[in-house]
Amino acid sequence: MTNELKLRIIVGESKTLGERYLDDLTSDLEAELLEEKLDVEPERTESSEGAYGDPITVGSLVVAAISGGLVTAVFNRITKWLDRNKISSVEVEIIKGPTGEVISERVKVTQSGVKPEDEKKIIDKVLKEQK
């Protein structure tokens, strides 16, 4: 399906977390989500926002074939993972199709969860796109 909706989870950037720690965190969250039998894959990108033009590695995961109900399950699993790992937050956005076009605002998931209004925005966007 060419317009498949996916959830991108941005774990962090190497400039703040360090390359090795970022890799460890991303792999650990990936394993956590795989336990839920989700179709999840790592996605490493580089941003040119570093000092003096140095590239920054961004650690992220992509969960494929999302639905409204799946969004809530992913948020709940992330919240538990954040609390266990003493990580303050990750960011989540919806992407679409093979190009990974971003079609939603980024929302922050923290150790205390996601704001209900942010979760509703994401779920509403998923439901609208699936019509």
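FYI, it's all coordinate maths here, none of it is from the lab. Predicted model only: the values in this text are computed from it and were never measured.
What to note about this one:
- Among E35, E91, E105, the largest mean-square fluctuation in a Gaussian network model of the chain, built with springs joining Cα atoms closer than 10 Å, belongs to E35.
- Each of [x] 26, 20, 14; [y] 29, 21, 13; [z] 23, 18, 14 is a candidate for semi-axes √(5λ) of the Cα gyration tensor in Å; the one calculated from this structure is [z].
- Across the cross-link table entries K6/K128; K108/K131; K15/K96; K6/K37, which are compared at the Cα atoms, the separations over 22 Å belong to K108/K131; K15/K96.
- Principal-axis tilt of helix 116-129 within the chain, Cα atoms, nearest 10 degrees: 60 degrees
- Computed from Cα atoms, the angle from the helix 68-85 axis to the main principal axis of the chain rounds to 30 degrees.
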